[in-house]
Amino acid sequence: MREIVLDTETTGFDPFTGDRIVEIGAVELYNHMPTGKTYHEYINPERDMPEEAFGVHGIGPDLLSPPQPPAPGAVTLRDKPVFAKIGQSFLDFVGDARLVIHNASFDMKFLNAELGWMNLPQLPMDQAIDTLAMARKRFPGSPATLDALCRRFNIDNSNRTLHGALLDSEILAEVYLELIGGRQPDFGLSTAGSGGSQSGSAEQDWRPAPRPTPLPSRLTAEEKAAHDAFVEKMGDGALWASVQS
């Protein structure tokens, strides 16, 4: 079972009033285990960056009005690809995997808007699993933000001083596994490699079965005779006698 844990960063709240995606981050799970395969792109939104959005993720100081000089390590976007350049590669990465997203309606709205503008296939909403809805159902009345869930499950999010799509996806993957009962809730042993290429293989479907030929006993003839003599001394009411019969 292949799943993609995904997050986006944007310039605002509504793609239909001019807001755009500026970052996509995603990590691959196979049978509820991280494979190490990720997808990450910064995207030039071809517009300015509102101060409110910049305060959330710190991306694109060069798109502020007026532009700010980028601090060391700041991500600038003017030289990054536009969505039209990465849309198909994103779809190729996702494929038909389930999408695990915190507040899925928000990210799916933006992704489908961007894909629609490029005449690329849309992602059906039923392909997404909303961890925000899962958390609210499991812990009604409790905070269900990603930070709150990290505190609840003792997940280290100390590097999350600002929102970042790839880091948030990695953290969300840990939160998701806790929400469904911990790693590999079906108690199966995953054998998927980094590419997840063993889907449907005999190894993935392996289950223990009785040996076709029982192993020989390790008891010697002398040990078996001594045991039988000991049981006989215990009388007819001995538990061992009823088990052996």
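For the stretch 29-46, a residue qualifies if it is of a type outside the set (A, V, I, L, M) and open to solvent by 30 Å² or more (accessible area, probe 1.4 Å), and the qualifying residues are Asn31, Pro34, Gly36, Lys37, Thr38, His40, Glu41, Tyr42, Glu46.
Determine whether the stretch 131-141 contains at least one residue that is in contact with a strand residue (DSSP E or B) (Cβ under 8 Å, 6 or more places away or on another chain) and under 24 Å from Pro34 (Cβ atoms).
Checked the stretch 131-141: at least one residue is in contact with a strand residue (DSSP E or B) (Cβ under 8 Å, 6 or more places away or on another chain) and under 24 Å from Pro34 (Cβ atoms).
Looking at the stretch 108-180, the helices (runs of 4 or more DSSP H) lying wholly inside it that each contain 1 or more residues that are of a type in the set (Phe, Trp, Tyr) sit at 165-179.
The residue that is farthest from Lys109 (Cα to Cα), counting only those in the stretch 1-13 that are open to solvent by 50 Å² or more (accessible area, probe 1.4 Å) and either modelled with pLDDT of 95 or more or in contact with a helix residue (DSSP H, G or I) (Cβ under 8 Å, 6 or more places away or on another chain) (or both), is Arg2.
Given the criteria more than 17 Å from the chain's Cα centre (by Cα), modelled with pLDDT under 95 and of a type in the set (A, V, I, L, M), does Ala74 qualify? Give the derivation first.
Details: more than 17 Å from the chain's Cα centre (by Cα): yes; modelled with pLDDT under 95: yes; of a type in the set (A, V, I, L, M): yes.
Yes.
Pairing each residue of the stretch 77-105 that is closer than 13 Å to Glu46 by Cβ with any residue that is in a helix (DSSP H, G or I), provided the two are 6+ apart or on different chains, yields C-beta distances under 7 Å for Leu77/Asp62; Leu77/Leu63; Arg78/Asp62; Phe83/Glu114. Filter the stretch 78-128 for residues that are among the polar types (S, T, N, Q), open to solvent by 30 Å² or more (accessible area, probe 1.4 Å) and under 22 Å from Lys37 (Cβ atoms); which is nearest to the chain's Cα centre (by Cα)? Going through the qualifying residues, I end up with Ser89.
When the stretch 39-80 is limited to residues that are assigned to a helix (DSSP H, G or I) and of a type in the set (Asp, Glu), the one that is farthest from Asp7 (Cα to Cα) turns out to be Asp62.
The values are calculated or read from the model by the stated rules, or taken from the named source; none is laboratory data. Only a predicted model underlies this, so the values are computations on that prediction, with no experimental measurement involved. Counting neighbours? That spans all protein chains shown, and the Cβs are built from the backbone with ideal geometry, glycine included. Calculation scope for accessible area: heavy atoms of the full protein, side chains included, ligands and nucleic acids excluded. Shrake-Rupley method; radii C 1.70, N 1.55, O 1.52, S 1.80 Å.
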